[in-house]
Amino acid sequence: MHGANYRDGKGQPFTRKQYIKGKPQIKIAKFQGGKRGNYQYCVQLLMNEKIQLRHMAIESCRLAANKTLEKTTGESGYYSRLRVYPHNLLRENKMIAAAGADRLQEGMRRAWGKATSLGARVKQGQCIMELYVNTESHVEAAKKALKSACVKLPGTPTIKVINWQGKLSP
């Protein structure tokens, strides 16, 4: 299976988790990181296309960005926030690929599939992740961190810097 098979969000998303007995656990550990406070700049990661992101891709993106930025600014020199949440259940009709498997599986008959993963539907121009920093040198480090995180995501993201002087409330 390739990721391209499940990348585009077509049709109605399935979100009724109360009817599913074995629903998958979300893999995102934290949605916010760093230290809250007053910051001068906000560096955003935006998507250029309508796409569906799996929760594993979002988590690996967050980890890559936070680790890269933490080396430069330290733990208290930045604040990061994920702006998407994977609500949609992704299902897969697994097929057996072995000798004699034709007697064990049904093919496309009753092909509802098992819930295997969670996904977030992202619109064009939607913000996925934000990094808040104070100095110009930290802005460059945040851009570099988001550029390393872009590799983990499908599609083509854009990095945008906003001169944002505000306080993040606790």
Q: With a cut-off of 11 Å, note down the residues of region 133-161 whose backbone N falls inside the zone around a label point 7 Å from the Cα of GLU75 toward its beta carbon.
A: none
Q: Loop sites only, by DSSP: take the chymotrypsin sites (Phe, Trp or Tyr not before Pro) in the chain that have at most 16 other C-beta atoms within 10 Å and name the longest stretch containing none of them.
A: 32-111
Q. Going highest first, how would you order 48-58, 85-95 by mean Cβ packing within 10 Å?
A. 48-58, 85-95
Q.
Output needed for the chain: three equivalent-ellipsoid semi-axes, defined as square roots of 5 times the C-alpha gyration tensor eigenvalues, in descending order, whole Å.
A. 38, 15, 14
**Q.** Additional length obtainable on full extension of the chain from SER137 to VAL151, 0.36 nm per residue less Cα span
**A.** 2.8 nm
Q) What is the gain in length, in nm to one decimal, between ALA97 and ASN163 on full extension, counting 0.36 nm per residue of separation less the C-alpha to C-alpha distance? A) 18.3 nm
Q.
I want the local charge near SER117. Using Cβ-Cβ distances under 11 Å, sum +1 for each Lys or Arg and -1 for each Asp or Glu among the other residues.
A. +4
Q. Ignoring any ligand, DNA or RNA, what whole percent of the accessible area of the chain comes from carbon and sulfur when the probe is 1.4 angstrom?
A. 49 percent
Q | Too-long pairs where the Cα-Cα distance tops 29 Å, listed order kept, from LYS10/LYS94; LYS94/LYS160; LYS71/LYS152; LYS94/LYS143; LYS27/LYS94 | A | LYS94/LYS160; LYS94/LYS143
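The values are calculated or read from the model by the stated rules, or taken from the named source; none is laboratory data. Because the structure is a prediction, the values reported are computed rather than measured. Positions of Cβ are backbone-derived with ideal geometry, glycine not excepted, and every protein chain shown enters the neighbour counts. We work out accessible area using only protein heavy atoms, side chains counted, and drop any ligands, DNA or RNA first. Shrake-Rupley method; radii C 1.70, N 1.55, O 1.52, S 1.80 Å.
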